[in-house]
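Encoded as structure tokens, the structure appears first; notes follow it.
The values are calculated or read from the model by the stated rules, or taken from the named source; none is laboratory data. Just so it is clear, the structure is predicted and the values come from calculations on it, not from any experiment. When we count neighbours, we look across all protein chains shown, and the Cβ atoms used for this are built from the backbone with ideal geometry, even at glycine. Note: areas computed on protein heavy atoms with side chains; ligands, DNA, RNA excluded. Shrake-Rupley method; radii C 1.70, N 1.55, O 1.52, S 1.80 Å.
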Amino acid sequence: MLYFIKRIVVWLRRARYSRGFGVQSPWAYKFIRYVVNEHYPYYKYKQLDRQVYGLDKRTRKLCKFYFRLANFQQPHTFIDCYPASQCYKIYVNAGCRKTQYYKVTEDILQEEYVRLFSEAGGHSMVRIPIAQNCRALVDKALDFLPSSSVLVIENIKRDKEAEEYWSALISDSRTGVSFDLYYCGVVFLNREMVKQDYIVNF
């Protein structure tokens, strides 16, 4: 019940940012319309719902988005930082079978995750929740990931500190086009596109 109340409040606050309305960039519009807010009931969803059970609605929503993002991005590698379960791995691999999965835990050495980022391959995806030590991870990801990669930062609206960090991140010279989905932020590292942050009612 609490999730639905919060969801309604967030939706109302962001109603004017729905489904790409007002977005001038054709590429950004397509991403918002067909990846972020695609409501097509992919046949895989029912299968994945049976395979991955016991998820709260917010996590399931993110899982389905990661499925669509993987289908769009066709990542060589998915680096999942501090995952609580295998759910994101399962959904990403359903979206792109060829994706290689790597998990970053809290006790991993810096040398190890730097190696993962530097060897990630083209169009890779990296998921990092805002948590302890996340800033070091994000900083190295920006330094070593290929420019065709995408970062997904979770919990960007957790508190004022998280919001300030997100603002600093999208202003960083190493980032390109970004999308504020409230529950997470999506940052493309391709700096050839005009840098802009889009607020999306997700």
Residue order for E111, E38, E163 - accessible surface, 1.4 angstrom probe, largest first: E111, E163, E38
Relative contact order %, the chain, counting alpha carbon pairs below 8 Å whose residues are six or more apart: 18
12 Å reach of a label modelled at S85, 7 Å along Cα-to-Cβ, counting backbone N of segment 38-78: 49-61, 63
Accessible area per residue in Å² at 1.4 Å probe, computed on segment 21-179: 50
Amide H within-cut-off set for Y101, under 5 Å, with H built and near neighbours excluded: F78
Share of alpha-carbon pairs per 5 Å distance bin for the chain, given as whole %: 1, 7, 16, 20, 23, 18, 10, 4, 1
Q74-D172 FRET efficiency (beta carbon distance; Förster radius 30 Å; 0.05 resolution): 0.75
GNM flexibility winner over the chain from I32, I170, I108 (Cα, springs under 10 Å): I108
Where R33, R127 fall by accessible area, highest first, once all protein chains stay in place (1.4 Å): R33, R127
With every protein chain in place, segment 130-198: carbon and sulfur % of accessible area (1.4 Å): 44
Kyte-Doolittle at least -1.0, axis length at least 18 Å by Cα - qualifying DSSP helices, the chain: 57-73
R0 of 25 Å, Cβ-Cβ distance E119-E192: FRET efficiency to nearest 0.05: 0.65
Choice from D80, D107, D180 showing the highest fluctuation, given a GNM over the chain with Cα pairs closer than 10 Å: D107
Debye, to nearest 20: dipole size of the chain, +1 on Lys, Arg Cβ, -1 on Asp, Glu Cβ: 1160
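Working out 0.36 nm times the residue gap between Y53 and W27, then minus their Cα-Cα distance, what length gain in nm do you get to one decimal?
The Y53-W27 span can extend by a further 5.9 nm.
Pairs K30/K160; K30/K103; K57/K157; K61/K89; K30/K195; K103/K195: which exceed 21 Å Cα-Cα?
Going by Cα-Cα distance, K30/K160; K30/K103; K103/K195 fall outside the 21 Å limit.
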Highest-MSF residue in the chain out of Y82, Y43, Y29 [GNM, Cα springs under 10 Å]: Y43
Label zone at E164, where the point sits 7 Å out along the Cα-to-Cβ direction: segment 170-202 residues whose backbone N lies under 13 Å: none
